[in-house]
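This structure is in structure tokens; I'll ask about it shortly.
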Amino acid sequence: MKAPLVIAHRGDSAHRPENTLASFASALEVGAVLVELDVQLTADGQVIVIHDPLLERTTTGRGDVRRLTLAEVRSVSAGYPDRFGSTYAGERVPALSEALALLRGRARVLVEIKTESVTDDAEGGIEARTAEEVRRAGMADLVALISFDHRAILRLASLAPEMTRGRLFGRTNADEVLEAARDASCELVMPHKGQLTRALVDRVHAAGLKLATWVVDEPAELRKLARFGLYGVGSNRPGVLLEAISDGLLDDSVPGDVAPRPPGPPRTPRE
């Protein structure tokens, strides 16, 4: 059994403003081979990388990105001033295309489609536009599309059948996880770490699914969770966990090679 793959959650988000090019670049610098980011849709149909639908928490702006144009969103700093002051004032909310261009050839990517931007527009909504951006970047086999929103994942099964899909869960149980994965032909399931039990883990593995969780920032917690044989763990401090693994954190609990797995979301037929 190998150590879980460390997923850079919103990039190296403990040390750089989350979901920015600076955060993604820092994640690459510390050795992350899988980067997670969030996408919302602007009023003019552009896929942007930001967690919240509102600008207030992480930028110097105000308003709902779903009611603003890309130019309006890009006019404010995404340097997360409440946490980082003016250090990263020059950062802007990236377009998905910009983030993919930075990461292409250097890491694989988990793109989380945020529930707030999922609408009744199946053909022209955020799912279709995100899939198109991934194809345009030439990364269809390097990106997994994930979401809490089951409607989004179901749409992607038909809109982008060639791309890996993953389902996120908050409060859940094994029956719900397995049913959702079957329904949308997911290869990856990601329950919150607080929902992991031996029974759930065993059933997920028995179904041949990859299992990941989030957010794990402390080496001691990673050591505890390693017993579940996880595919990956999302972390705001990817460098800290990667260094701990390299230093032998899991040597006596995970036999054999404990190096991070090769980059990427799971594509079962190719492994």
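The values are calculated or read from the model by the stated rules, or taken from the named source; none is laboratory data. On a predicted model such as this, the values are computed, not experimentally measured, just so you know. Using ideal geometry, Cβ is built from the backbone for each residue, glycine included, and neighbour counts are taken over all protein chains shown. The area values use the complete protein model at the heavy-atom level, side chains included, leaving out ligands, DNA and RNA. Shrake-Rupley method; radii C 1.70, N 1.55, O 1.52, S 1.80 Å.
Cα to Cα, under 16 Å, and not fewer than 8 places away if on the same chain: which lysines meet these conditions relative to residue 224?
2, 193
Now for a separate question. Taking amide H atoms as placed 1.01 Å from N in the peptide plane, list the residues 5 or more away in sequence, or in a different chain, whose amide H sits under 5 Å from that of residue 12.
24, 26, 27
OK, next. Rank-order 81-87, 95-101 by packing density, defined as the average count of other C-beta atoms within 10 Å over each peptide's residues, highest first.
95-101, 81-87
Right, here's the next one. What order, most packed first, do the peptides 144-153, 61-70, 10-19 have when packing is the mean number of other Cβ atoms within 10 Å of each residue?
Top to bottom by mean Cβ count within 10 Å: 10-19, 144-153, 61-70.
From the mean inverse distance of alpha carbon pairs (Kirkwood) and the Cα radius of gyration, derive Rg over Rh for the chain.
Looking at the chain, the ratio lands at 0.96.
Next question. Whenever you get a sec, compute what percent of the accessible area on the chain sits on carbon and sulfur atoms (1.4 Å probe).
Values: 5380 of 11130 Å².
Ligands and nucleic acids excluded, carbon and sulfur reach 48 percent.
Give the calculated FRET efficiency between residue 195 and residue 86 to the nearest 0.05, with a Förster radius of 51 Å applied to their Cβ-Cβ distance.
Computed FRET efficiency for residue 195 and residue 86 comes out at 0.85.
Could you pull out which residues in region 78-117 have an amide N less than 12 Å from a spot 7 Å beyond the Cα of residue 60, following the Cα-Cβ vector?
78-82, 85-92
Still on this structure, I have one more. What span do the alpha-carbon atoms of region 27-154 cover on each of the three principal axes, reported in whole Å from largest to smallest?
For region 27-154, the Cα spread along each principal axis is 39, 37, 23 Å.
Can you give me the Cα centroid spacing of region 154-218 and region 5-71 in angstrom?
The two parts, judged by their Cα centres, are 23 Å apart.
Rounding to the nearest 20 debye, state how big the charge dipole of region 183-242 is about its Cα centre with +1 on each Lys and Arg Cβ and -1 on each Asp and Glu Cβ.
Numbers: 8 positive and 6 negative charges, 44 e Å.
It comes to approximately 200 debye.
Give me the percent relative contact order of the chain, please, defined on Cα pairs under 8 angstrom at least 6 residues apart.
Relative contact order here is 23 percent.
Shifting gears a bit: Considering only protein heavy atoms, what per residue accessible area in square angstrom results for the chain with a 1.4 angstrom probe?
Counting only protein heavy atoms, the per-residue value for the chain is 41 Å².
Just to check I understand the Karplus step: with θ = phi - 60° and J = 6.51 cos²θ - 1.76 cosθ + 1.60, what whole-Hz values come out for region 196-213, glycine and proline as x?
With coefficients 6.51, -1.76 and 1.60, one gets 6, 10, 4, 5, 5, 4, 4, 5, 5, 5, 5, 7, x, 9, 7, 10, 10, 8 Hz.
Could you give the length gained by full extension between residue 173 and residue 132, i.e. 0.36 nm per residue of separation minus their alpha carbon distance, to one decimal place?
Gain on stretching residue 173 to residue 132: 11.5 nm.
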